[in-house]
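*Asks:* Dropping the structure in here first, questions after.
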Amino acid sequence: MSRQGLADLAKISISTLEKALAGSRPFTLATTVRLEEALGRRLRDQPAAARPHAAAPTGFAPPELGSYSRPAMSWIEGEYLTLRPSFGDPAAVYAYRTVIGWSEDDSRMTFREGERLDAAFTQFGDVSAPHQSGHIYLVTNRHGQLRLVVLSRPTIEGAMYGVLTTLQSGRGSQLTPVSAAIAFLPLKRGEPAVSGRIGPRDADYERCRRHLDRVKQDGFAVLM
C-alpha cells in the first residue's frame with residue numbers, strides 16, 4: 001500500500017501522515033484510531049490486564065507456579081498452626097493461623113494468614129510447587145515487595161518445616177531483611193489453636209519450641 005493510499009483509506013491528509021512518519025509530528029489519538037481501522041491492526045499498547053496470556057488448562061496452576069493440578073495438591077489444603085521465632089523477643093515463639101486452599105478464579109493454590117497479633121502485617125499470596133525441587137513456596141508479592149516461605153514436603157504427621165524470608169519492621173519506617181525457621185502444623189477444621197507471642201512460661205511453649213528446633217535438628221533447612 002502506498003502512503004497516499006493509506007492516507008485516503010484512513011481519511012487523513014497525506015501531509016499529516018508524512019510528518020508523523022518522519023517524526024516531526026506525533027500521531028494524535030484520532031489519527032492512530034483511523035490508521036488502526038484502515039490497517040486492521042492495533043497500533044496502541046494494550047493495558048496489561050487486556051493482554052492475552054497463555055491460559056493454563058482448567059484445574060491446573062500456571063507454569064510459573066509449577067503447573068500442578070488441584071488433585072495433585074489436595075493434600076496441602078487446610079488450616080495450619082504457623083510457628084516462627086518472635087522478632088521482638090528472641091526467647092519467645094510467634095504463632096498464628098494459615099489457611100491454604102484452591103482458588104477457582106485464579107486456578108492455583110493460595111494462602112492467607114489469620115489471627116496474627118500484628119494484624120496489619122497479615123500476608124496472603126500464591127503457592128508454588130515445582131516438581132524439580134520437591135519443595136513448596138508461599139509467595140507474597142505486593143507491588144514488587146516479596147516475602148517468601150520455603151517449606152519441605154509434609155511429614156507423616158502432615159507438618160511442614162522450612163525457612164521464612166521477610167522484612168522486619170524496626171523504628172519508624174525502617175525495614176530490615178530477616179530469615180528464620182518456620183513450622184506449619186496441620187489443624188483439624190475448627191480446632192482451636194494458640195496464637196500471639198508464646199513465652200517460656202506459657203503452657204504451649206515447649207511444644208512450639210520443639211517444632212521450631214526440628215527445622216535445624218532434622219535437616220529441613222540449613223541456617224548458616
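*Asks:* Arg97 versus (1) at negative phi; (2) open to solvent by 60 Å² or more (accessible area, probe 1.4 Å): which is the lone unmet condition?
*Replies:* Going through (1) at negative phi; (2) open to solvent by 60 Å² or more (accessible area, probe 1.4 Å) one by one, Arg97 breaks only (2).
*Asks:* Please go through the range 119-141 and pick out each residue that is farther than 19 Å from Gly78 by Cα and either touching an Asp or Glu at 6+ places or on another chain (Cβ under 7 Å) or in contact (Cβ under 8 Å) with a residue 12 or more places away in the chain (or both).
*Replies:* Phe121, Pro130, His131, Gly134, Asn141
*Asks:* Same structure again: Could you list, in sequence order, the residues of the range 47-73 that are modelled with pLDDT under 90, open to solvent by less than 70 Å² (accessible area, probe 1.4 Å) and not hydrophobic (A, V, I, L, M, F, W, C)?
*Replies:* Result: Gly59, single match.
*Asks:* Continuing with this model, one more query. So how many residues does the range 1-17 have that are assigned to a loop (DSSP other than H, G, I, E, B) and within 16 Å of Ala30 (Cα to Cα)?
*Replies:* The total comes to 3.
*Asks:* Out of the range 179-216, which residues are closer than 23 Å to Ala129 by Cα and β-branched (Val, Ile, Thr)?
*Replies:* Residues satisfying the conditions are Ile182, Val215.
*Asks:* Which one is surrounded by the most Cβ atoms within 10 Å (Cβ to Cβ), of the residues in the range 155-198 that are of a type in the set (Val, Ile, Thr) and part of a strand (DSSP E or B)?
*Replies:* So the residue we want is Ile182.
The values are calculated or read from the model by the stated rules, or taken from the named source; none is laboratory data. Because the structure is predicted, anything quoted here is derived from the model rather than measured. Positions of Cβ are backbone-derived with ideal geometry, glycine not excepted, and every protein chain shown enters the neighbour counts. Heavy atoms of the whole protein, side chains included, go into the accessibility calculation; ligands, DNA and RNA do not. Shrake-Rupley method; radii C 1.70, N 1.55, O 1.52, S 1.80 Å.
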